[in-house]
Amino acid sequence: MSKKVYGVSVDFIDGFNESARSAYPDEFICFHREYDGVISEIILVPGSVYGESHSFINDWMSPIDFHKSGSAHSHPGYRNDPSDADLDFFNQMGGIHFITCQPYDRSSWKAYDSSGRKVDLELVF
Ligand SMILES: [Zn+2]
């Protein structure tokens, strides 16, 4: 990361929740980039990240792009706490990781660091 992340843009959150809603009942997953400390860009991931595509994560983690800031995914239910698989993934990747759940609105998401601890991010309008 090029700078300490302190916030997330409301456009990112809205776009993330919208994608989560349209992927339902499947999980939606993407990566994100931060600019000037604010996570603001959704990066779509081809296929599933868990399991088969570890090489994709390795590519993702290559040091060419310093704006990469982590991942975001949705849960089909009402819980936005990380599963064991989520924690392994966060740990492997580093950065900041969003989980959103139903009803996929501006208050249904949480952000976690690579150890699975909750991170407070400012919502930037
Ligand atoms: Zn999950």
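Every number in this text was worked out from the coordinates using simple rules, so none of it is lab data. Source: prediction; values computed, not measured. In this analysis, Cβ positions are derived from the backbone assuming ideal geometry, glycine residues included, and neighbour counts consider all displayed protein chains.
Please compute the modelled spin-label separation between Glu18 and Tyr35, points set 7 Å along Cα→Cβ, answer in nm with one decimal.
Here the modelled spin labels are 1.7 nm apart.
Roughly how many nanometres apart are two label points built 7 Å out from the Cα toward the Cβ at Lys4 and Phe66?
According to this spin-label approximation, the distance is 1.7 nm.
What are the ³J(HN,Hα) couplings of segment 83-93, residue after residue, when phi is run through the Karplus curve with 6.51, -1.76, 1.60 and θ = phi - 60°? Round to Hz, x for glycine and proline.
Taking θ as phi minus 60°, the curve returns 7, 4, 5, 4, 4, 4, 5, 4, 4, 5, 8 Hz for segment 83-93.
Name the residues whose placed amide hydrogens come within less than 5 Å of the amide hydrogen of Val124, ignoring near sequence neighbours (fewer than 5 apart) on the same chain.
Long-range HN contacts for Val124: Val8, Ser9, Val10.
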